[in-house]
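Asker: Next up is a structure, given as C-alpha cells.
Derivation of every value follows stated rules applied to the coordinates shown; laboratory data play no part. These figures come from a predicted structure and were not determined experimentally. Neighbour counts are summed over all protein chains in view; Cβ atoms, including those assigned to glycine, are modelled from backbone coordinates with ideal geometry.
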Amino acid sequence: MNLRNESIGTIQHFSWQENGLSGLAGNKQFSIKFYTSKICRIQASKHEAFDENPFSVVLPPQKVSIDAKETDQSLTLKTADIQLEIKRSPLRLCFKNNHGQILNEDDPAFGISWLGHEVTNYKTLSPNEVFLGLGEKGGGLNRRGSSFVNWNSDAFAFGNDTDPLYLSAPFYIGIREGQPYGIFFDNTHKTHFNFGASNNNRFSYFGAEAGDLNYYFIQGDTVLEVIQEYARLTGTSQLPPKWSLGFQQCRYSYYPDHEVYTVADTFRKKRIPADVIYLDIHYMEDYKAFTFDKNRFPDPKGLIEKLEAQGFKVVVILDPGIATQPGYGTYDRGVEKDIFVKYPDGSRFEASVWPGNSHFTDFTAKEGRDWWADELKFYTDKGLEGFWNDMNEPACWGQDIPNLIEFDYEGQTASHKKTRNIYGFQMVRATFEGAKKQLNNKRPFTLTRAGFAGVQRYSAVWTGDNVAGDEDMLLGVRLVNSLGMTGIPVSGYDVGGFVGESAPALFARWLAVATFAPFFRVHSMVNVRDSEPWAYGEEVEEISRNYINLRYQLMPYLYSLFFEAHHKGNPINRSLAVDYYNDQNIYQGNAQNEFTLGQWLLVCPTTTTQEYAKIYLPQGKWYNFFTDELHEGGCHMLVETQMEDLPVFAKEGAIIPLQNVVQTTQEKTDGILKLHLYFGEVETHQTYYEDDGSTYNFEQGQYCKREIYFNGKMSTLQVAKQEGSYTSEFHSLKIHLHGFEANSFEINGESVTFHVEDLQLLAPITEFDPLPQRPKRDYWSKGVKTLEIPFTQEEINLNWK
Ligand code: GLC
C-alpha cells in the first residue's frame, strides 16, 4: 500500500467543554483547551484515546474566561490574550493576539495531516518570520531555513551541523511581524521541525513519527514572557546549592585518590578559586555503578571529608547501565526488584557499555526510580551531594537500540520509540529525588547529558563531548543560549573542549567566556594533555585566575539570577534574541554568539584568530565593564581582543551586586556587598536574592530578598525593605556609582559624601619572557564614586543632584 498525505477533514461534530471544545473532524479526535489565557493546548489523534506524556507538563488547566462564538463556517474563542479562530471545513486553526494580529496559523492546504502513523502540523510562514530555541541545536540563532530532528543521541565529537544531539526540547519561539509566540510540541517520539528548509518557504512544520498531534500554543508580549509562560507549563529550575555556581574541575579521570588531593592542593596553593572536583568512571570498580575501586579509592568517605575541609565538593559520575554480574549487589537487587528494561517476551534487555554487558534501569517506572533512590544511599552515606548522569540517551556500544524493547512509561507500557527521548530526563529525576530524600534538607546538585522538556526541574545540563576548537567554543555558547530560551537555564559546556587538545590561547578565551556561563566546568578526555588552569603556562594561568576570581566576585549577582530562573524561568545567559529580538542585526555574524548575563552584562565571545573583533552593541548605552568607557549601542564596533581580553559591557541602568574574591563559595566573604550602578536616563529594576545556599530553609521563608529600583531620570535609587527572615551574610553595602556626574547625594534624606576610587575587576597580567610585542592589559575603572553604609533590613533611598 502506498501511503499518501491525509489532512484532517471537516468538523463533523463537537461539544463545548470547560476551557474549550472537543469533537471529531474527518474521523479524527480533536480537543482544544486553554490552560491559561495565554496557553492553548491542541490535540488531534487517529485513536480513540489521546496519547499522554505524564512527565513534562506540570501546570494543570486554570480557570480561564473565554468568549466563544459559533457560525456556520467557524468557531471563535477569545481569552484576554488570544483569539483563536477555528475554520470548520476543513478544520484549520488561526491564533491571533488580542489586537487581531495573526501569530500562527495552519497551512490552508495541509494543516494537521497524517502520513501513515506520522502526524505533522503545517503552518504558514510569514516572509520575515524568525524562529528561536528548540533547545540543544547547533546552527545559527535564527532557525529559519533549517530543519531538525529530536532523538537523543550520543553525539561524540559533535559539530555545528550535528543533529540530533543529546537532549530534546521540542519547544520553539516564533516571531511573526515582530510579535512573539511559542509552540511546545509535547510528543516524546522522534520529532521533526522544519522552519522553511527545502520547500521554498511554502510552510514550516513540526511532526512526529508516531503518537498524537499534541502541542501548546503560547502567547507572550515579549520573548521573555513566552519563555516564562513555557516555564509555568513545564516547570522551572531548582535553586541549586551555591557551591555548584563555583568553578568546577573535571577530567576523565582523576585517580587514584592522591591525584585528586594534588589537584585540590594545587588550586589552593596557586590561589585559583574552585568549588568542585569530579570523579569520572575510573573511580568505580570495573566501571560498576555504586562501587568505589578499593585500590584507587580505599577511603572514599575520608577523601570527601578531607576535600570538604578544603572547601571542595566531590561530584561522581553515574551511568544507567548496570553490569549483569550475579554477586554484584546492585545487579542482584535490581533483578530481585524487577526494575530492568525488558523485551516484549519478558526477557531483560542487555547491551554493552562501560561496565561490559549491562541491564538498564527503567526510570519511567516509579519502582525503578525508587530503587535507584535507595541505591544512592551508597554515595550519600559517604558524604556525596553531587551526581553527574551520563550515557543516558541511553547510549551503548553500537548505539542502535532495538525499538521493540519496552518501558513502563508511568504504567502505559511503551516501546523505545516513545520512551528514548525521556529516558535521561527520568534518570536524572530519579537521581535528584533520591539524593534529595537521602540528604536530609540539603540541596543536591545533579548534572545530566540527555533530557527532555521538563528536565530543568531536576538538573543542570552540559552539552556533552565537544571538540577543542574555536568554532566549537562558539557553538557551545549558542547551545547554552538556546537552552536558556527553551526553559533550561542552567547549562554549560566542557571548557577547553572534551575531544582533542586546546591551544593555550583557546583555553584562555574559553575559560574567560565560561566565567559568565551558568555552569562553569573544565573537562577533557582520557589520554589527552592536562587541562587544569595551570597546565597551559604561566600567562594562561594568570588569565584563568583573573577570570575565575571574577566569577567569585559575580557570585551575588549570579545567585540572584539563579533565583530568577527558579522563580520565573528566566534564562541566566540571554541570547540577544531575548531582549532585542526585533533588531535584525542580532541574527547576523558574531552577534549570534553574544549574550547578556541577566539583563545587564553583555558578553561578546571572540576566537583565537581574532586580535580585533567586530562586535555588536544592541540599542542603549554600554559601559566597558573593565574600563568604564561609554559606548552608544545600536551599532557594530571593532575592539581589540588579545588573548586576555573578553569584551564585556554593562548596560546603562545596570544594577550589579558583587562581592570580594573568595577561594570557594564555602569561605566567608568580607561581609561587604558591592552594589555597582551604571548611570543612564532609564528606569531599571533588579531583584537581589540571598539565602544559606545549601538547604531548603528558603522554602520556609528563610531568605533575604531586596527589590532594587533605579531611576536615572528622577535621580533615585531604592533598595526596598528586606523580604524574608534570613540574615544577610553582608553587614555593609558599598555603593559604586559608575558614570554619575552628580556631586551632591542624600541617603534617606541626609546628605552624604561619596569618595572617588579607581577600581580593577581584573588584575594586571604580568609581563612574561620572551616579552610579547604588545603591552599587557591593565584595566582600570577610574573615578568610581563609592560609599559604604550598613546593610540593614530597612529601605534605603539614595537621591542625587
Ligand atoms: C562520556 C561523557 C564524558 C565522560 C566519558 C567517560 O563520553 O560525555 O564527559 O568523561 O563518557 O565517563
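Asker: Alpha carbons only, please: Rg and Dmax for the stretch 6-219, in angstrom.
Answerer: My reading of the Cα-based Rg and Dmax gives 16.7, 57 Å.
Asker: Give me the extension gain from residue 746 to residue 258: residue separation times 0.36 nm, minus the current Cα-Cα distance, reported in nm with one decimal.
Answerer: Residue separation times 0.36 nm, minus the Cα-Cα distance, leaves 170.0 nm.
Asker: Taking the Cα of residue 681, stepping 7 Å toward and past its beta carbon, and measuring to each backbone N in the stretch 705-720: which are under 17 Å?
Answerer: Output list for this probe position: 711-716.
Asker: Taking 0.36 nm per residue of separation and subtracting the Cα-Cα distance, what length does fully extending residue 721 through residue 99 add?
Answerer: Stretched fully, the residue 721-residue 99 segment lengthens by 220.0 nm.
Asker: Per the Kirkwood treatment, what hydrodynamic radius in Å, one decimal, follows for the stretch 1-129 from the mean inverse distance over all distinct Cα pairs?
Answerer: Radius from the Kirkwood sum: 15.5 Å.
Asker: Also, quick follow-up: Taking K and R as +1 and D and E as -1, what net charge do the other residues with C-beta under 14 Å from the C-beta of residue 259 add up to?
Answerer: Numbers: positive: 251, 296, 306; negative: 257, 265, 280, 293, 530, 532.
For residues surrounding residue 259, the net value is -3.
Asker: Go ahead and estimate [θ] at 222 nm for the chain from helices alone: -39,500 (n - 2.57) per DSSP H run with n ≥ 4, summed, over the residue count, rounded to 500.
Answerer: The per-residue figure over the chain is -5500 deg cm²/dmol.
Asker: Quick one: net charge of residue 293's neighbours, Cβ under 11 Å, K/R +1, D/E -1?
Answerer: 0
Asker: Before anything else, pin down the relative contact order of the chain: Cα pairs under 8 Å, at least 6 apart, normalised by residue count, whole percent. Please report the intermediate quantities before stating the final value.
Answerer: Details: 2043 pairs, mean separation 77.9, N = 801.
Answer for the chain is 10 percent.
Asker: Quick check: from the Cα gyration tensor, does the stretch 548-662 come out rounded (a/c under 1.5), prolate or oblate?
Answerer: Working: a/c = 1.71, a/b = 1.23, b/c = 1.39.
Cα axes put the stretch 548-662 in the oblate bin.
Asker: Which distance in nm do the two modelled labels at residue 786 and residue 309 give, with both placed 7 Å along the Cα-to-Cβ direction?
Answerer: 3.6 nm
Asker: On a full-extension model of 0.36 nm per residue, what is the gain between residue 80 and residue 797, subtracting their alpha-carbon distance, rounded to one decimal in nm? Could the numbers behind the result be given before it?
Answerer: On the way: separation 717, 0.36 × 717 = 258.12 nm, distance 3.74 nm.
The residue 80-residue 797 span can extend by a further 254.4 nm.
Asker: Could I ask something else about it? I need the trypsin sites (Lys or Arg not before Pro) found in the stretch 59-92, filtered to DSSP loop residues with at most 13 other beta carbons within 10 Å of theirs.
Answerer: On the way: sites: 63, 69, 78, 87, 88, 92; in loops: 63, 88.
Filter output for the stretch 59-92: 63.
Asker: Net charge near residue 75, counting Lys/Arg +1 and Asp/Glu -1 over other residues with Cβ under 12 Å of its Cβ? Working shown, then result.
Answerer: Details: positive: 69, 78, 87, 88, 92; negative: 67, 70, 72, 85.
Result for the local shell: +1.
Asker: Mind running the shape call on the chain? Use the C-alpha gyration tensor, a ≥ b ≥ c as the square roots of the eigenvalues: rounded below 1.5 for a/c, prolate if a/b tops b/c, oblate otherwise.
Answerer: Verdict is oblate for the chain.
Asker: Continuing with the same structure: Could you give the dipole magnitude of the chain about its Cα centre, charging the beta-carbon of Lys and Arg +1 and that of Asp and Glu -1, in debye to the nearest 20?
Answerer: In total the dipole reaches around 1200 debye.
Asker: Would you list, by chain and number, the lysines whose Cα falls below 20 Å from the Cα of residue 63, excluding same-chain residues fewer than 8 positions away?
Answerer: Hits, sequence-local ones excluded: 33, 38, 78.
Asker: Now, a different point. Calculate the spin-label point distance for residue 335 paired with residue 756, positioning each point 7 Å from the Cα along the beta-carbon direction, and give it in nanometres.
Answerer: 8.0 nm
Asker: Another question, if that's okay. Where a Cα-Cα gap under 17 Å defines reach, which lysines qualify for residue 366, not counting those fewer than 8 residues away within the same chain?
Answerer: 337, 342, 436, 437
Asker: Using r as the Cβ-Cβ distance of residue 210 and residue 627, and R0 as 56 Å, what FRET efficiency do you calculate, to the nearest 0.05?
Answerer: Details: r = 57 Å, r/R0 = 1.02.
With R0 = 56 Å, the Cβ-Cβ based efficiency is 0.45.
Asker: Quickly work out the residue 397-to-residue 635 label distance, labels modelled 7 Å from Cα along the C-beta direction, and quote it in nm with one decimal.
Answerer: 6.1 nm
Asker: List the aspartates and glutamates whose Cα lies under 18 Å from the Cα of residue 306, skipping any in the same chain that are fewer than 8 positions away.
Answerer: 257, 259, 265, 275, 381, 385, 667
Asker: Please go through the stretch 320-381 and write out the GluC sites (Glu not before Pro) that DSSP classes as loop and that have at most 11 other C-beta atoms within 10 Å.
Answerer: none
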